[in-house]
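One structure is given here, and the rest of the page talks about it.
The values are calculated or read from the model by the stated rules, or taken from the named source; none is laboratory data. Predicted model only: the values in this text are computed from it and were never measured. Please note: Cβ atoms are built from the backbone with ideal geometry, for glycine as well, and neighbour counts cover all protein chains shown. Calculation scope for accessible area: heavy atoms of the full protein, side chains included, ligands and nucleic acids excluded. Shrake-Rupley method; radii C 1.70, N 1.55, O 1.52, S 1.80 Å.
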Amino acid sequence: MLELQHIHKYYNPGTINEMCLFDDFGLTVKDGQFVSVVGSNGSGKTSMLNIICGSISPDGGSILIDGHDITREKEYKRLRRIGRVYQNPAMGTCPNMTILENMSMADNKGKFFGLGRGTNRSRIDSYKEQLRQLNLGLEDKMEVKVGSLSGGQRQAMSLLMSTMTPIDFLILDEHTAALDPKTAELIMELTDKVVREKKLTTIMVTHNLRYAVEYGDRLVMMHQGQSILDLEGEEKANMKVQEILDKFNEISIECGN
């Protein structure tokens, strides 16, 4: 279980541009939950993910995993148990390395790197079988550099690579936003398949309201650093896209837009 307790976060503290993003923010995610997070720009969605992953530190509060406080744990240590897929397909893969080399790197995540070969060729058949499940023909391009692949192919690889080793959490940061509609649908179907098969606790930030409604078993809407809507179970299943859009419009009017 993941818990964010009494989180405080300021940007540009002590300056004329000081901004308080989180003021006593809290969130609990149960094991196995797939949480879709929506909200306007600046609502704190990505900052929340960065705090969970350790990319930025909170100014107050605690982050706990299964009751263990990881607030001061380094980012690289947290990422041994967290898989993350970014909005930009280029951020999850190394463009100048081949598919085989990328897969090998992901396969060795969290392990000690000595002076031996980074590519374990005895694992090639396993890599090909995993790639074959993507239905993108990548299993026949093991020696092709990843930089020559399409954005969708790279994002599919990023998703696969982030879940190759045992992880506790999968973090999806608008991972379909940079893709064309057809490819985005493919990546979402693949995401749902991976999450279900591996029973991953997942937090997905998205601007696509339909994806937020159709995927996952919990929906959270954020605004100005707070959770203003939190639905799960039957309430989540009965939520319609128009209802969420109406909530966005209500917020917009309240803010004077």
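Quick look at the numbers
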item	result
Gaussian network model of the chain, springs between alpha carbon atoms under 10 Å - residue of Ile228, Ile82, Ile63 with greatest fluctuation	Ile228
Length added when fully stretched, Ala178-Ser62, from 0.36 nm per residue minus Cα-Cα	38.5 nm
Theoretical gain in end-to-end length, Tyr10 to Lys74 [0.36 nm per residue, Cα-Cα removed]	21.1 nm
5 angstrom amide H check on Arg84, placed H, neighbours 5+ away	Ile171
Cα shape, the range 13-96, gyration tensor, a/c 1.5 rule	rounded
Helical mean residue ellipticity (222 nm; -39500 (n - 2.57) per DSSP H run of 4+; nearest 500) of the chain	-10000 deg cm²/dmol
Label-to-label distance, nm, for residues given as Glu143 and Lys109 (7 Å Cα→Cβ offset)	2.8
Mean accessible surface per residue for the chain, computed with a 1.4 Å probe while every protein chain stays in place, in Å²	51
Residue order for Met221, Met1 - accessible surface, 1.4 angstrom probe, largest first	Met1, Met221
Net length gained if the chain between Asn135 and Asn96 were fully extended (0.36 nm per residue, minus Cα distance)	11.7 nm
Virtual spin-label span in nm between Gln224 and Asn88, 7 Å along Cα→Cβ	3.1
Asp23/Lys198 FRET efficiency (R0 51 Å; Cβ-Cβ; nearest 0.05)	0.90
